[in-house]
Each structure stands twice: as structure tokens, then as C-alpha cells.
1. Let me know the volume per residue of the alpha-carbon convex hull for segment 4-117, in Å³.
2. Given a 10 angstrom Cα cut-off, can you work out which residue in 48, 110, 100 is the most mobile in a GNM of the chain?
3. Name the residue, out of 101, 147, 79, whose mean-square fluctuation peaks in a Gaussian network model built on the chain with Cα pairs under 10 Å.
4. Among 107, 51, 88, determine the one that fluctuates most according to a GNM of the chain built with springs between C-alpha atoms less than 10 Å apart.
């Protein structure tokens, strides 16, 4: 029988997901628990029915590759870990729904075929890629780098227009 899991990223904890009195299968990762710095939230987690699981190294690698392709290179260890956990749960024949308000996490989830549900925002409508550009001379780069090869100005990023 297929089970449904709600995978909580850090933003889910700060959004106040009701995780103490629920019948849902709630899961998160050790990296998310480490990232939650609020003592009250840590206490609630300890009292809750949240299972703490880890994704496989292979799935973590797949997530990193997908993040590179979309240009979402600044994701935290916790961000990467919840996406890897979602892939694990899917591989085991379960349904994984990621609860997140993080655009980069939702973007990479979309490219990996992971369902994501925003909590306090409207979420993303379609997966997008970033384009990196120099605000001074206008040169565009397909991948992130620190500064422009032409003029040395720090690069900025925006969503690629389709």
C-alpha cells in the first residue's frame, strides 16, 4: 500500500506546521533539525511524531546535479537533504510531498518530479533556470561565477526568460 509522507523543510517549522497533533506521516532530516535554531521549535520537535530520516548518497548526488542545472547553487545542506529524502521515499513506492516556502527548493523539486506544497506563499508555477549576468557590461553567463570575465563586476542572477 502506498503511503503518503509530508517532508518538512526548515521553513515548514517556522511557518508553524501543526506537527504535534496529527495523523500525517511527517518526516524531516537531521540537517533540518540542526538548522532549526529556535529552542521552542526544537522542544516541539522532540515531543512530536516527526520521524527523522536521511536520503542516500546517490540521491543527494542527483539533487546536487539538478540544482546545478537550474542554477540553484546556493542551497543549504538541509535543503539538499530534504530533496534527497523525497527521492528515497519515491523510490520506495511512497508519495512524498515536500512542504516548503523556499523558491530554490521548490524549483529543484519541480525538475526532479517531486510534489511541493507551499505554506505561506503561492509557490512556484513552473520550474525555471537562472541566468547570471554582469549588471555593468551586460555579459551573460550560463553558470554561476563570482565576477565578470570582461569587467570584473560582481555577477547578479535573474530567472531565464522563456
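Each reported figure results from applying straightforward, stated rules to the coordinates on display, with no laboratory input. Because the structure is a prediction, the values reported are computed rather than measured.
1. Per-residue hull volume (Cα only) is 87 Å³.
2. Highest fluctuation of the listed residues: 48.
3. 147
4. 51
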